[in-house]
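Comments concern the structure below.
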Amino acid sequence: MTHPQVRVDPDLPEFLWDSDGADAAPPPARRPAKARDGHIPGEAGLWIFILGDMTLFAAILIAFLWERRSDPVVFEQSAHQLIQPIGAVNTLVLLLSSYLVVCAIFAHRGGRYPQARRLVAGAVSCAAVFAGLKAFEYYSAISSGHTPSGHMQGSGTFFTFYFVLTGLHLLHVIVGTALLLVWQAMLKRRRSWTGSQKVAEGIASYWHMVDLLWVAIFTLVYLVSAE
Amino acid sequence: MNGAVPRRVTAVFAGLVVATCITWWLGSRSSLTGNGLGLAAALTVLIASAKIYFIGRDFMELRSAPSVLRAAFTVWVGVVAVAAIALVVVPTS
């Protein structure tokens, strides 16, 4: 006895399988769908925003370096007018805040709400220190006659870039701080990890982006330009 | 998952702090760049790029993210690093 031939293509819907008769042999199990190869922290859509935001900053930084090539001496003199230790301390402060946020994510995952709240509060304190030092830096730069419109002869372009880059970044710090406070409110209400994973991971990812953007700004505006 | 922070993350944080101190030191040693090649500047950019890569991989947890997302982030870091080093090192004509 011969069985009717059934041509099976697991990638096609069943009605497209080529069968010669109703008593055809039962089809083999369908090939399992290709397993997803990882976990996206937060919502997938957030990553389009994060990568887009990073690209915007990258474009401004590349334009800054391009302008620097036309007058490296003025850029060097201008960069020396920045308070480099404040930039360095702010880098360390944001790195610490990022580490605290990572610890808070793990504490939240483990259901340790009071610890997670303390860690998020620590990150918010770091943000306040960053903003305070940045305000002092702005005060110092503006007192010396440097403004965002760059009226000061020669160093104008450098300080226009400086105010645009650090101003946009400070705006991100403020938004990030507000998001951290939202997360802290969720922790206060003891929202479970299952119910708040996407939001918590999204806020953490945004905060880490704020940190890494500052690493790039500090390196190129404060350090490389002064060399 | 018990929610404990992996030792690797703490080690990365310590490494980032050390790398920041190194780049700060390099940045304050202008004499090192006196050869006109901007060697210290290129090294500073390279170290900063590595810092950004590790922030993404271990803090943002891209280490366990889908390969497309990991690749997009790595390409961003690579392209920005190469462009920045080229603009710093290649002399103007």
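A few notes on this one:
- Each of A:Q77 and B:A83 was given a label point 7 Å from its Cα along the Cα-to-Cβ line. The distance between the two points is 2.9 nm.
- Average other protein chain Cβ within 10 Å of Cβ, residues A:194-207: 1
- Relative packing of A:106-119, A:197-210, which averages over residues the other C-beta atoms within 10 Å, highest first: A:197-210, A:106-119
- For chain B, averaging the sequence separation of C-alpha pairs within contact (under 8 Å, six or more residues apart) and dividing by the residue count gives a relative contact order of 31 percent.
- Peptide A:67-75 - average C-beta neighbours from other chains (10 Å radius): 2
- Between A:H39 and B:T92, the distance separating the two model label sites (each 7 Å from Cα on the Cα→Cβ line) works out to 5.0 nm.
Values in this text are rule-based calculations from the coordinates and carry no lab data. Just so it is clear, the structure is predicted and the values come from calculations on it, not from any experiment. A quick note on method: Cβ atoms are made from the backbone with ideal geometry, for glycine too, and the neighbour counts reach across all protein chains shown.
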